[in-house]
Each structure stands twice: as C-alpha cells, then as structure tokens.
Amino acid sequence: MILGTTKTIDLSTSSFERIVTDGSLYVDKTHIIEHFLRDSSTVHLITRHRRLGKTLNMDTLRCFLTDSADYRHLFKGLYIESSPIWEKANSAPVFYFDFKGLNAQTYKAYIYNTICDYIDMYCENAVLSRNARSYINENKFDEPNGLLYLTESVYKATGKRSYILIDEYDKLLMDSYKSDKYEEIRDFETLFFSAGVKGNHYLQKALITGVMRISKESLFSGLNNIEVFDMFNDELYTNDYGFTEQEVAELCDMAELDAPTRAALKTWYNGIMINGTPIYNTYSTVSFLKRRKFECHWTRSGVMDTIANLLTEERMETITRLLAGEQVEMPVERRISLIGLLKKPQNSDFYSLIVQAGYLAVQKNLEYSETAYMDDFMLLSVPNKELTIAWQQFILKHAFEEPTAVLNIFRNYKNPKKFAEDLEKILDDRMSMYDFDKPRDREKQKILERTYQHFMLILLCAYGDSEKHPISNRESGDGRYDILVERREAYYIFELKSCDKAEQLETAAQKALEQINLKRYGADLDSEKQLIKIGMAFCEKQCRVVCG
C-alpha cells in the first residue's frame, strides 16, 4: 500500500502524522508494528545504517500505540488496520526519547526534562513514590533511574504498563568517543538502560534503534532480556527498513519511469544487504523521485572522518580493490568497540565500522555468514553507485591535497607528451603518503611495484569519470597489464616499473612502454577505439611517465 503520490514527497519530516495528514507519499511500513508486538522478547535493539527510515518507523509505532491521543484514523487502509494487532491501537502510555540530537553538555538535562514532562502528563493528580518525588523536586539530572520512576508512576496512576522507544541510542556515543566525556556518557547510558528495562515490571516492551551495535563496552550487559536485530542476522525486520524491490517497482510504476531509468535507480541506490536481502536507500530513492536527478546523499556523514584516521596502506589497498569492482573477503566483527577505535583497531573492527555505517555491503555467503559470532570473514563489496561516489569524494579529500588537479588527469590525452607531464606533476608531490624507501632486491622490488600500482588505482578510482571501474592485473594479449581504464574517448593501459636510482627513471619508463607493445596488451579491446599506452617508472618519491 502506498499513500500519496510521487508528486507529494516531503523530505523534511519524519512525522507519521504530518505525512499522512498532508497527503504526502508514504510507503506502508506498518508491518513493523505487528513484528514488534508479536515477538516475545521484551526489549528489541534494531541497528541499521542511516537513511533507511528508522525515525519515521519509530514515530509510526508511537502513533499507533499511544493513548495520549487517538491517531487510529491515520492508519486507514494500511496493513495494520486488518491485523489482529489492531486491538492494541491507542491502548497504552508510550514514551519516546530522541537521542540523535543530544550533546555531551546537555544530554542529562534533556532526559530529565522529558521524563518530568511525561510524569506531569500522566500523573498530575496521582500520588508519586518517594523516589519519584525526590527525582522531580531535587532536579536529579545525574540520577539514571528516571525510566523506572516514570513507568512506575504511570502504572500506579493508570494501571497500564508502558512502551519505551529510544531512537539513535548510539549517536551521542559516536559523537563523543574521542572526548573525555565518553566514559561518563557510556556509564550513564548503561545504568539508564539497565534500570529502565531490566526486570522492570511496569514496562510492556521497549524498542531501541541505532546505527552501530556497540556492545564491547558492556553497554547492554545488564540487559538479559534484549533481542538484537542487526544487518547481519535479522529475519524479523528485514523488509521494514529501506525499500524492497517490490516497493520500488510500485513507486516506479506510479512515477511512470521507463526501463533505463529504473535500471539506473537500482544501480544508484540498491544493494545494501540486510541478512542477505538487497535493500534500497529510502531517502536517496524518494529524493530522486522528487527531483528526478541522481545524486549522492552520503557526503555529510561524520563516519568518514573516523575512517580516515584508521586508514593504513593495507586498508587503502583493500578499498581500492573494492572500488575497482572486486568483492573482498575480510574479517568483520559483529559488535564494535568505540574505545578500541582509539587504539590500533584490528581489521575486524575497522571493517565492522564501515559495514555497519552502510559504506560497504555484506554479500550473502553461507560459508562466511553462518560461522562463529565474532571475527567472521565476510564477503564485502561497494553496494551501488551512490556509495562509489561517496568513496571517491572521500579519497579525493583525504588522499590528495589538490583534488582539482587530479580531476584533470585526462584533459591532454591527445598530446602524449603533455599528458605525461600532467600526470607526472600530479604524482610527483603525492608520494609521501607511503614509505617507499625499502630494500631493492628483486622480491622487494616487485612488492614495491605493487604498492605504486595500488597508489595509481586509488588515484584512478577517485577520478570517477570512466566508462567502467579501473581494472588491474587482467590477462590480455600475451601477458597481464597492470591497469586498464576505459573512458569514452579511449582506452588507457598503464604498466609500472620500480627502479633503484633516479637516473634510471627514463629508461625504466620506456621499458614499461615497450612491454605493453611486446606483450600485445589490449589486443582483445575494441580496435575502433583509441588505445593510449602509458609506461611509468618510480624511484622513491619521483616518477617518470612516457606515452605511446
């Protein structure tokens, strides 16, 4: 069921009431209400990356359950209206806490004031317990038992058990993990959750959402009744966040999109995997339907800054392979430690951060997805064009001081001499990102050549204006070329050499160019399209380029 039309899209709100009342586009996600209420677990933790509609789903659930106002008319014609769960509509106290807007200085005041407002709403004429009265009258901002006092007071006033909804529980932790306030915030949240939902007889159910599954710092250690639904293993809420293939097909029909546009939409915004099921990015998809323009909406995420601080040569090489279209098997920790990110995190923590934030997808691979619960090896990929662009922008920002120069690599492709000069100038002052001063025996030299090759792949992947991803180490003619780039105007084959001394650069670059000809690299390519052959030689931070 879809309410509204693709001409009535409101990107500015996550209010279920406003969307339905205004006649805005709404894809029916009310199955989530049934899934939440029918499951026997008291506390659900759902983690999903950004832009998949977590806040809207949370508000939808609030509107359905709350007895503070009657919103049942908003659900007319939606799935939940015909569900047996419908009898629970407008039936109970619901307390919603939005953690995504909190900061380290005022978070306790927000929580305290929200709890006091809810107590005033339900318990205006009720007799409060001594602890609840003390909590309110003495402004106990540091008291972590607020949820317990709230649910207890409301139960005694109304005879009803409460629902607690906490949105983006991890945002404040992610924002503060590098600060001296982190341990205080973590300890407070730990006690707050434990006191509010563990063994709380006045609680009916609780739903907590976030991006990361943070559980190595004992954040949820006190909760023995919590059920976790994350992107690795969630068979209950798989289709409730993001858009499914069927939902997007209906939206495309409604928008009267032609077949090429539908295919492009899938290439741009599909591919994030939830328990092996591909999901479309909600915000990006509706943004396209509203503006009819393909854009990347991921550039404002602060997670990229954290990723930049954790990059090593090996990790940059892996990202380059992923951007070249490969699928790479890497260890991925299903639970993440923010404190561990401040030290020297293992690869499993690094890739867990990227995967849980939504920048990489975990492909369905039974051999890797059903092994032990931690440090699993998983098959990773860049899921779609939107994320490819996000990575390219990241590489340009963090790997190159002057990205505009990088974007002009191919401007003089018709002039081999000028092309070589431009490329050499771009590369000449960017070699300091690696330590190239290594022993020069043959084995080490080969390793060094691969390092230069990865550097070039990073640069070419960042360029992002090719017909296809840059390809490396593929058989062609009588051997394997180092790198192939296909653009509209021509093919470019790169062969790289490493040498011991700067005076050998010219000879080595010529030798690399001769190898392209000798080995007939590119013999299998379209002969009607121009082939530009590029020999490159490196010595520590210096390079030489020749073209033919």
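Can you classify the range 128-252 as rounded, prolate or oblate using the Cα gyration tensor, where a ≥ b ≥ c are the square roots of its eigenvalues, rounded means a/c under 1.5, and otherwise it's prolate if a/b beats b/c and oblate if not?
It is oblate, given that a/c is not under 1.5 and a/b is not larger than b/c.
What accessible area, in Å² to the nearest ten, does a 1.4 Å probe give for Glu235?
Spelled out: Glu235, probe radius 1.4 Å, area about 150 Å².
Which entries of Lys76/Lys171; Lys7/Lys29; Lys76/Lys160; Lys100/Lys181; Lys29/Lys290; Lys497/Lys533 have Cα-Cα distances beyond 23 Å here?
Check vs 23 Å cut-off fails for Lys76/Lys171; Lys76/Lys160.
Using a 1.4 angstrom probe on heavy atoms only, work out the carbon and sulfur share of the accessible area of the chain in %.
44
Using a 1.4 angstrom probe with every protein chain in place, what is the largest-first accessible-area order of Leu128, Leu148?
Output order, biggest surface exposure first: Leu148, Leu128.
How much accessible area does Cys116 have with a 1.4 Å probe, in Å² rounded to the nearest 10?
10
Where does the range 49-189 land on the Kirkwood hydrodynamic radius, alpha-carbon pairs, in angstrom?
Taking every pair of different Cα atoms in the range 49-189, averaging 1/r and inverting gives 16.7 Å.
Could you order Met231, Met254 by accessible surface area, starting with the largest, using a probe radius of 1.4 Å?
Solvent-accessible surface, decreasing: Met254, Met231.
If you project the alpha carbons of the range 38-125 onto their three principal axes, what span does each projection cover, largest first, in Å?
45, 42, 26
Taking a 1.4 Å probe, which of Arg334, Arg480 shows the most accessible area, and what order do the others take after it?
Arg480, Arg334
Please compute the per residue accessible area over the range 220-354 with all protein chains in place, 1.4 Å probe, rounded to a whole number of Å².
Heavy-atom accessible area per residue stands at 41 Å².
Taking 1 over the mean of 1/r across every pair of different Cα atoms in the range 503-548, what Kirkwood radius in Å do you get?
One over the average 1/r among Cα pairs gives 11.3 Å for the range 503-548.
Rg/Rh for the chain to two decimals, with Rh computed the Kirkwood way over all alpha-carbon pairs.
Here the Rg-to-Rh quotient is 1.06.
Report the one residue of Leu265, Leu484, Ala509 whose Cα lies farthest in the direction of the positive end of the charge dipole of the chain (charges on C-beta: Lys and Arg +1, Asp and Glu -1; origin at the Cα centre).
Positive-end residue among those listed: Ala509.
For a test of the definition: using alpha carbon positions, the gyration tensor, and the 1.5 limit on a/c, classify the range 242-282 as rounded, prolate or oblate.
prolate
Roughly speaking, what % of Cα-Cα pairs in the range 479-525 are separated by over 16 Å, rounded to a whole number?
43
Solvent-accessible area of Tyr155, probe 1.4 Å, all protein chains present, reported in Å² to the nearest ten, please.
About 70 Å², ignoring ligands and nucleic acids.
The values are calculated or read from the model by the stated rules, or taken from the named source; none is laboratory data. Small disclaimer: the values here were computed from a predicted structure and weren't measured. Here the Cβ is made from the backbone with ideal geometry for all residues, glycine too, and neighbour counts use every protein chain on show. The area values use the complete protein model at the heavy-atom level, side chains included, leaving out ligands, DNA and RNA. Shrake-Rupley method; radii C 1.70, N 1.55, O 1.52, S 1.80 Å.
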